[in-house]
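**Student:** Have a look at this one before I ask anything.
The values are calculated or read from the model by the stated rules, or taken from the named source; none is laboratory data. These figures come from a predicted structure and were not determined experimentally. All Cβ positions, even for glycine, are placed from backbone atoms using ideal geometry, and neighbour counts span all protein chains on display. Keep in mind that these areas ignore ligands, DNA and RNA; they rest on the heavy atoms of the full protein, side chains included. Shrake-Rupley method; radii C 1.70, N 1.55, O 1.52, S 1.80 Å.
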Amino acid sequence: MSYVTKSPWIIHYDGSSCNGCDIEVLACLTPMYDVERFGIINTGNPKHADIFLVTGSVNEQNINVVKQIYEQMPEPKVVVAIGICATSGGIFKECYNIMGGIDTVIPVDVYVPGCAARPEAIIDGVVKGLGVLAEKRASMDKRIGVIPAAPEAAKEAAAEVKEKEEA
Amino acid sequence: MNLTTAIIGIAAYLILAPIAGGLLAGIDRKISARMQGRFGPPILQPFYDFFKLLEKEPITVNKVQDFYVMCFLIFIVITGCFFFAGGDLLLIIFSLTLASIFLVVAAFSSNSPYAQIGAERELLQMMAYEPMVLLTAIGFYIVNGSFNIYDIVSSDVMAIQYLPGIFLGFVFILTIKLRKSPFDLSMSHHAHQELVKGLTTEFSGKTMAVIEIAHWYENIFLLGFVYLFFVNSLSWSPVLAVIICLVTYFIEILIDNNYARMKWQIAINASWIVAITLGFVNLLVLYFMR
Ligand code: SF4
């Protein structure tokens, strides 16, 4: 059994979000939702984190920041893109400085659509991320390296969301 | 002091302290959560965290840092072993200081600004609590005529009767040692971070796990100090002492949840003033009364 799923520590980074999704992420820590029930701690330190929560899309200025945080996190690690901005660029997609979703820079494992994503959805996304985390941990044991891409289901969901967006 | 009790003490400490320390940390988190109106993590959460940290990919900034962190653990354990074997109080205080210094050096060696400021603050904290710890040892010496823990435990007097001021002073600096608000300046266990993670910013995976377990050993040893104030040759006194230890820890949790973090100047001033008023005056009174 892997202990990674019992004590996922998160780091939260605000890309170029409107702050709506950030407030919802922080709401998860309040007495109302209390994610510490699941052992989740908001660390603020990439070296201690297992799950990377990104809100907002990537812009020209923060590409390196996102990459650095991701690279500083020790394996096994999971990236959860929160809100439609982080998934595909959302309402900011057409802006001159926006690259698009987080997956244009680092591999994303779970997409949580919504504008803003509800705390329940965020918790669901993190719990889904735990499955991926366990898988990655298992593959570390087998020394076959880490699965870089998102699981198929999550990818399909994201693709659907993107289609709807474009429609 | 005979050899068998010493060996039993050491063995019990080596095996039971991490278990008790981890449980205490879990209960701490649960009670803190309840005080904040939350449900809180399972009691065993610190153990899950510990085993998770062991599972993570090792990333170290440089090779020496792991060595220093390991020394921190080893000297904390040695300190505790001296204590529970009934050794010399002064020796215990010196090896405790040495252990803390290793942690500071480990943080300095990582070259990260957060860790370095954390290390500087840790040094300031040591300056803040050392005088009171020394006064505590002197107090025990005046009451029992010996620095030896075994003599203190088996004497007929209960130290608290003569050392109420020193006890209160010790509980005050215990807040610093247990890394509780308002004095968790160099690193914090809470969601509201200080200097990212202060001292431990650059440590991850196994190194972090070693620090965690060292803290558990350290906390149990510190509560042992509280225990020492209430224990004497009577058979019921250990029970009383353990209860007082738990109550003290609960009060520390209460303080932790009620105060915001203070500046380091206040930490130093407050703990020195407490050491002088409560500790030193207690010693003076004791000196002239006996
Ligand atoms: S998804 Fe909506 S709420 Fe979230 S950051 Fe983007 S615009 Fe703001």
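**Student:** Which residue out of A:Ile41, A:Ile10 is under 26 Å from B:Ala115 (Cβ atoms), within 14 Å of chain B (Cβ to nearest Cβ), touching a Leu at 6+ places or on another chain (Cβ under 8 Å) and buried (at least 20 other Cβ atoms within 10 Å of the Cβ)? Full working, then the answer.
**Tutor:** On the way: A:Ile41 fails: touching a Leu at 6+ places or on another chain (Cβ under 8 Å).
Criteria check complete, one pass: A:Ile10.
**Student:** Can I ask one more? Being of a type outside the set (D, E, K, R), within 16 Å of the ligand (Cβ to nearest atom) and either over 15 Å from the mean Cα position of the chain (by Cα) or part of a strand (DSSP E or B) (or both) is true for just one of A:Cys95, A:Cys85. Which residue is that? So that I can check it myself, show each step before the final result.
**Tutor:** Values: A:Cys85 fails: either over 15 Å from the mean Cα position of the chain (by Cα) or part of a strand (DSSP E or B) (or both).
That would be A:Cys95, the only listed residue that is of a type outside the set (D, E, K, R), within 16 Å of the ligand (Cβ to nearest atom) and either over 15 Å from the mean Cα position of the chain (by Cα) or part of a strand (DSSP E or B) (or both).
**Student:** Identify, by number, the condition in (1) more than 17 Å from B:Pro182 (Cα to Cα); (2) within 19 Å of the chain's Cα centre (by Cα); (3) open to solvent by 60 Å² or more (accessible area, probe 1.4 Å) that B:Leu254 doesn't meet.
**Tutor:** Evaluating B:Leu254 over (1) more than 17 Å from B:Pro182 (Cα to Cα); (2) within 19 Å of the chain's Cα centre (by Cα); (3) open to solvent by 60 Å² or more (accessible area, probe 1.4 Å) leaves (1) as the failure.
**Student:** Go through the stretch A:17-38 residue by residue and tally those that are open to solvent by less than 60 Å² (accessible area, probe 1.4 Å) and within 14 Å of chain B (Cβ to nearest Cβ). Walk me through how you get there before you give the answer.
**Tutor:** In the first step, residues of the stretch A:17-38 are kept if they are open to solvent by less than 60 Å² (accessible area, probe 1.4 Å); the result is A:17, A:20-22, A:24-25, A:27-30, A:33-36.
With within 14 Å of chain B (Cβ to nearest Cβ) added as a condition, the list becomes A:25, A:27-30, A:33-36.
Of the residues in the stretch A:17-38, 9 are open to solvent by less than 60 Å² (accessible area, probe 1.4 Å) and within 14 Å of chain B (Cβ to nearest Cβ).
**Student:** Right, B:Gly21: at pLDDT 85 or above and on the phi > 0 side of the Ramachandran plot or not? Walk me through it before giving the result.
**Tutor:** On the way: at pLDDT 85 or above: yes; on the phi > 0 side of the Ramachandran plot: no.
No.
**Student:** Scan the stretch A:64-106 residue by residue and report those that are within 14 Å of chain B (Cβ to nearest Cβ) and open to solvent by less than 60 Å² (accessible area, probe 1.4 Å).
**Tutor:** Narrowing the stretch A:64-106 to residues within 14 Å of chain B (Cβ to nearest Cβ): A:68-78.
A:Ile69, A:Tyr70, A:Met73, A:Pro74, A:Glu75, A:Pro76, A:Lys77, A:Val78, listed by residue number.
**Student:** Just to verify a result, which residue in the stretch A:107-128, among those that are of a type in the set (Val, Ile, Thr) and within 13 Å of the ligand (Cβ to nearest atom), is surrounded by the most Cβ atoms within 10 Å (Cβ to Cβ)? First the steps, then the outcome.
**Tutor:** Taking the stretch A:107-128 as the starting set, the residues that turn out to be of a type in the set (Val, Ile, Thr) are A:108, A:110, A:112, A:122-123, A:126-127.
Now narrow it down to the ones that are within 13 Å of the ligand (Cβ to nearest atom): A:112, A:122.
Numbers: A:Val112: 30, A:Ile122: 25.
Here the residue is A:Val112.
**Student:** Within the stretch B:161-177, is even one residue more than 10 Å from chain A (Cβ to nearest Cβ), within 14 Å of B:Lys263 (Cα to Cα) and either under 13 Å from the mean Cα position of the chain (by Cα) or modelled with pLDDT under 80 (or both)?
**Tutor:** In the first step, residues of the stretch B:161-177 are kept if they are more than 10 Å from chain A (Cβ to nearest Cβ); the result is B:161-177.
Those still in the list that are within 14 Å of B:Lys263 (Cα to Cα) too: B:176.
Among the residues that remain, those that are also either under 13 Å from the mean Cα position of the chain (by Cα) or modelled with pLDDT under 80 (or both) are: B:176.
Checked against the condition, which is being more than 10 Å from chain A (Cβ to nearest Cβ), within 14 Å of B:Lys263 (Cα to Cα) and either under 13 Å from the mean Cα position of the chain (by Cα) or modelled with pLDDT under 80 (or both), the stretch B:161-177 yields at least one hit.
**Student:** Look through B:Ile273, B:Ile268 and report the one residue that is closer than 24 Å to B:Leu185 by Cα and at pLDDT below 90.
**Tutor:** Values: B:Ile273 fails: at pLDDT below 90.
On inspection, the qualifying residue turns out to be B:Ile268.
**Student:** From B:Phe39, B:Phe82, which residue is of a type outside the set (A, V, I, L, M) and within 23 Å of B:Phe221 (Cβ to Cβ)?
**Tutor:** Values: B:Phe39 fails: within 23 Å of B:Phe221 (Cβ to Cβ).
Testing whether each residue is of a type outside the set (A, V, I, L, M) and within 23 Å of B:Phe221 (Cβ to Cβ) leaves just B:Phe82.
**Student:** Something else now. Mind checking which residues of the stretch B:102-119 are in contact (Cβ under 8 Å) with a residue 24 or more places away in the chain, open to solvent by 10 Å² or more (accessible area, probe 1.4 Å) and either in a helix (DSSP H, G or I) or among the charged types (D, E, K, R) (or both)?
**Tutor:** Across the stretch B:102-119, the qualifying residues are B:Phe102, B:Val105, B:Ser109, B:Tyr114, B:Ile117.
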